[in-house]
Amino acid sequence: MPNATGSETSGLHLVSKLLDPASRPDPYPIYAEFRARGPVWIEEMSSLVVTGYRDCETLLRDPGLSAERWRFFDAGRETDPYPPDAPSSVRRPWFLSLDPPDHTRLRRLVSSAFTARTVARMEDSVTRLVDECLDRAAEGETFDVVSGLAYSLPVTVICRMLGVPQADERLFHGWSAQLTRLLDGFSSPGEGNEGWVGGMVDMHRYVNELVADRRRSPRRDDLISELLAAEDGGDVLSHDELVSTIVLLLVAGHETTVNLIANGVLALLRHPGHLAALRDDPGTASAVVEEVLRYDPPVQLTARVATQDMRIGEAKAPAGSLVMLLLAAAHRDPEANPDPDRFDPAREQVRHLGFGFGPHFCLGAPLARLEGRVALAAFARRVREPELVADPPPYREHINLRGVRELLVSHAGVALT
């Protein structure tokens, strides 16, 4: 099947460029090449790549596209990747990869913990955690923003919300790094099983034990206890649904926010005028967060499966094919955001799909925005004369959850709280 504007090999060539680790520091020229071609059909991948903002926004709420991507990948898998003694919950898809009515039901049972009002009550505790991170940064002349702030803040927040013992928080770094392969770009979950399968099984075993402990000794102050008690019209979460949901919250509850904070600090350090403006007026932190979500988003792409033959622009996606939505490319569509390659938190309107759109809009958006706003404002206010040690910094291998592996910053001190 031909694509809308050129040969099939041109699309595959762009995918190869995107997969090249050398592209991690700046994939945006490649996204621009994709966008210039319009929707691109890639026969070898049975995939249609979409990059226009209007198309992506429309498709994210199109009922003709399924979020159950695992069906696409499972169709080509001959064996079950999990060991026989793995917990049954590992085979339960995360609810973000389900369609209505299953997605609607599970999301409704979990959503009360992530409302804007509930999250707003956490601001004082998030502020204390950020200040503790920056207090530790004062102990040296250089500071790794990733390990010292961007990672430690959200993982501590989500673990405390769920009631994970503080001593166990370190376990989730390795597991989560493995599980993010399931959310990564153009590769199948069947590739590299030795990585993500082990992390998935270990994490499910741990959460199974955590849930069993809560059943024996319920608490009133953590999210796991709330989920155990959650009921909507007589409906409750099954054990496997509960464990799968907790694993999802632990992974998604911090991995994307790590990138949001680190990408935000990186953008501010590269644009010292905007860093100074934030220092002078911390009230602009929300606008900075929204621009970071547009300019260098923590989630670069998402995918859907066509449930029927469909046409997107001049391109066709047959039933059963994958529709790849390059959100980071859509954010730099000049029809959506004028002068899109410029980082400008003061722009009049910011249009982005950083938290998705439609029925699968990110449940944790209020929490991520809070953590990003508090962290970036505190960094600007407290860290004196920060400078990048290496630019570009080293990046992780991920294409989708793209972010820096280390962000070393030299400074002239950290102001007292």
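Just so it is clear, none of the values below were taken in a lab; they were calculated from the coordinates. Bear in mind that the values here come from a model prediction, so they are computed numbers and not experimental data. No Cβ is skipped: glycine too gets one built from the backbone with ideal geometry, and neighbour counts run over all protein chains shown.
Let me spell out the model: positive unit charges on the Cβ of Lys and Arg, negative unit charges on the Cβ of Asp and Glu, origin at the Cα centre of segment 8-410. What dipole size does that give, in debye rounded to 20?
Working: 45 positive and 60 negative charges, 129 e Å.
Here the size comes out at about 620 debye.
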Original post:
Picking from GLY198, PHE143, VAL126, whose Cα lies most toward the positive end of the charge dipole for the chain (charges on Cβ: Lys, Arg +1; Asp, Glu -1)?
Top reply: VAL126
Subject >> Hydrodynamic radius by Kirkwood, which averages 1/r over all alpha carbon pairs of the chain, in angstrom >> reply: 22.2 Å
Subject >> Ranked by how many other beta carbons lie within 10 Å on average, peptides 247-257, 38-48 from highest >> reply: 247-257, 38-48
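Would you mind working out the magnitude of the charge dipole of segment 361-417 relative to its Cα centre, with +1 at each Lys and Arg C-beta and -1 at each Asp and Glu C-beta, to the nearest 20 Debye?
Numbers: 8 positive and 6 negative charges, 51 e Å.
Value, rounded to 20: 240 debye.
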Subject >> In segment 256-338, the GluC sites (Glu not before Pro) that fall in loop regions by DSSP, at most 15 other Cβ within 10 Å >> reply: GLU314, GLU335
Original post:
Between PHE357, HIS411, PRO393, whose Cα lies farthest towards the positive end of the dipole of the chain when Lys and Arg beta carbons carry +1 and Asp and Glu beta carbons carry -1, centred on the Cα centre?
Top reply: PHE357
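Just subtract the alpha-carbon distance of ASP235 and ALA36 from 0.36 nm times their residue separation and send over the number in nm, one decimal.
Working: separation 199, 0.36 × 199 = 71.64 nm, distance 4.79 nm.
Between ASP235 and ALA36, full extension yields an extra 66.8 nm.
Using R₀ = 25 Å, calculate the FRET efficiency as 1/(1 + (r/R₀)^6) where r is the Cβ-Cβ separation of SER16 and ASP80; round to 0.05. All intermediate terms of the calculation are to be shown ahead of the outcome.
Values: r = 31 Å, r/R0 = 1.22.
Efficiency, rounded to the nearest 0.05: 0.25.
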**OP:** Quickly estimate the mean residue ellipticity at 222 nm for the chain, helices only: each DSSP H run with n ≥ 4 gives -39500 (n - 2.57), and the total goes over all residues, rounded to 500.
**Re:** -13500 deg cm²/dmol
**OP:** Show me 63-69, 398-404, 89-95, 323-329 ranked by packing, highest mean number of other Cβ atoms within 10 Å first.
**Re:** 323-329, 398-404, 89-95, 63-69
Original post:
Mean separation of Cα pairs under 8 Å and 6+ residues apart, divided by the residue count of the chain: what relative contact order is that in percent?
Top reply: 27 percent
